[in-house]
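For reference, the structure is listed below as structure tokens.
The values are calculated or read from the model by the stated rules, or taken from the named source; none is laboratory data. Quick caveat: nothing in here was measured; it's all calculated off a predicted structure. With ideal geometry, Cβ positions are generated from the backbone for all residues, glycine too; neighbour counts draw on all protein chains shown. Keep in mind that these areas ignore ligands, DNA and RNA; they rest on the heavy atoms of the full protein, side chains included. Shrake-Rupley method; radii C 1.70, N 1.55, O 1.52, S 1.80 Å.
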Amino acid sequence: MPRLLTALALSAALAALLVVDMRAADPTAAELAEALQHKYDAVKDFSADFVHTYQGGVLKKQLTERGTVLIKKPGKMRWDYTAPEKKQFVSDGAKIYFYIPADKQVIVSSFPPNAAEATPALFLAGKGRLTSEFTPSLVELPAGLPAGSRALKLVPKSKQPDYDWLVLAVDPATLAIQGLVTIDAQGGASTFAFTKLKDNVGLADTQFTFKIPRGVDVVTDTPRS
């Protein structure tokens with residue numbers, strides 16, 4: 001499932017208020033990462049619309065997808081892609097399901113134990129710590145991300161199979177994550193942009209239940225060692 005967990009990072013920016021006002025001073029990378037961690041610690045769930053663009057890689061392909069995302073702590077996520085191809089990526093906190101109706105196949109894998117993978121998705125879903133699992137630095141804002149955002153580059157301290165590093169576009173006033181760029185080992189860039197962000201809306205656990213459709217093949221994804 002290439003880039004699937006990374007793609008979740010894509011997730012949303014949250015509008016919860018922080019005691020720290022990042023407009024009052026020019027924060028260091030460590031201070032900005034700490035403020036983000038503090039912000040997301042206060043968020044129980046959120047929803048957003050997203051646009052995902054992928055460019056480059058070995059095949060030099062370009063793809064734009066869009067849909068909606070729901071996330072609820074701890075560990076529950078639902079990504080519904082609506083265009084150009086329908087597909088679903090659902091985690092109930094124990095299992096992860098990836099389903100493309102046109103392929104008539106569901107891939108099932110176990111949720112990474114103890115936040116074993118340092119992905120932004122797991123951070124947003126309440127697993128892992130941004131401040132301890134990444135090395136932060138401030139960089140120039142990548143093209144395609146909202147103007148006025150601060151760009152925070154995060155390099156995972158442990159090697160990740162799906163990406164080398166990522167950049168978050170952070171609203172300096174609200175600390176909302178307005179965009180996300182990840183670079184994979186093949187040089188491909190995944191960019192997520194988030195809109196219509198809502199946090200602490202009281203999402204029900206049933207929204208993260210996935211029922212395997214009849215007549216599809218079920219493939220169990222073997223965990224990476």
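Amide H to amide H, which residues 5 or more places from ASP164 or on other chains are under 5 Å from it, using H placed in the peptide plane?
Counting only residues 5 or more places away or on other chains, the set is ILE183, ASP184, ALA185.
Go through region 207-219 residue by residue and turn each phi into a ³J(HN,Hα) via Karplus (6.51, -1.76, 1.60, θ = phi - 60°); whole Hz please, and just put x for glycine and proline.
Per residue, the Karplus-derived 3J(HN,Hα) values read 6, 10, 8, 10, 9, 5, x, 5, x, 10, 7, 10, 10 Hz.
Given a 1.4 Å probe and the protein chains all in place, what does the accessible area of LYS198 round to, in Å² to the nearest 10?
Near enough 120 Å² of accessible area.
In region 47-92, how many lysine pairs have Cα atoms under 27 Å apart, counting only pairs 8 or more places apart or on different chains?
Final tally of qualifying lysine pairs is 10.
Along region 173-179, what does the Karplus equation 6.51 cos²θ - 1.76 cosθ + 1.60 (θ = phi - 60°) give for ³J(HN,Hα), rounded to whole Hz, x for Gly and Pro?
Coupling constants for region 173-179: 8, 10, 6, 6, 7, 7, x Hz.
Taking amide H positions as placed in the peptide plane 1.01 Å from N, state which residues far from ALA176 in sequence (5 or more) or on other chains have amide H under 5 Å from it.
ASP171
Could you give P(r) for region 162-222, binned at 10 Å from zero, as whole percent values over all Cα-Cα pairs?
16, 25, 32, 24, 3
Counting only residues 5 or more places away or on other chains, whose amide H sits under 5 Å from the amide H of ASN200 once H atoms are built in the peptide plane?
Amide H to amide H, under 5 Å and 5 or more residues apart or across chains, ASN200 pairs with LYS44, ASP45, PHE46.
Ordering SER149, SER132 by how much accessible area each has at a 1.4 Å probe, largest first, what is the list?
Ranking SER149, SER132 by accessible area, largest first, yields SER132, SER149.
Hey, quick one: spin label on ALA83, modelled 7 Å out along Cα-Cβ, who in region 157-199 has an amide N within reach, i.e. under 17 Å?
Only 193-196 fall inside the zone, counting backbone N under 17 Å.
Please give me the summed charge of the neighbours of GLN37: other residues whose Cβ is under 12 Å from its Cβ, Lys and Arg +1, Asp and Glu -1.
The answer is -2.
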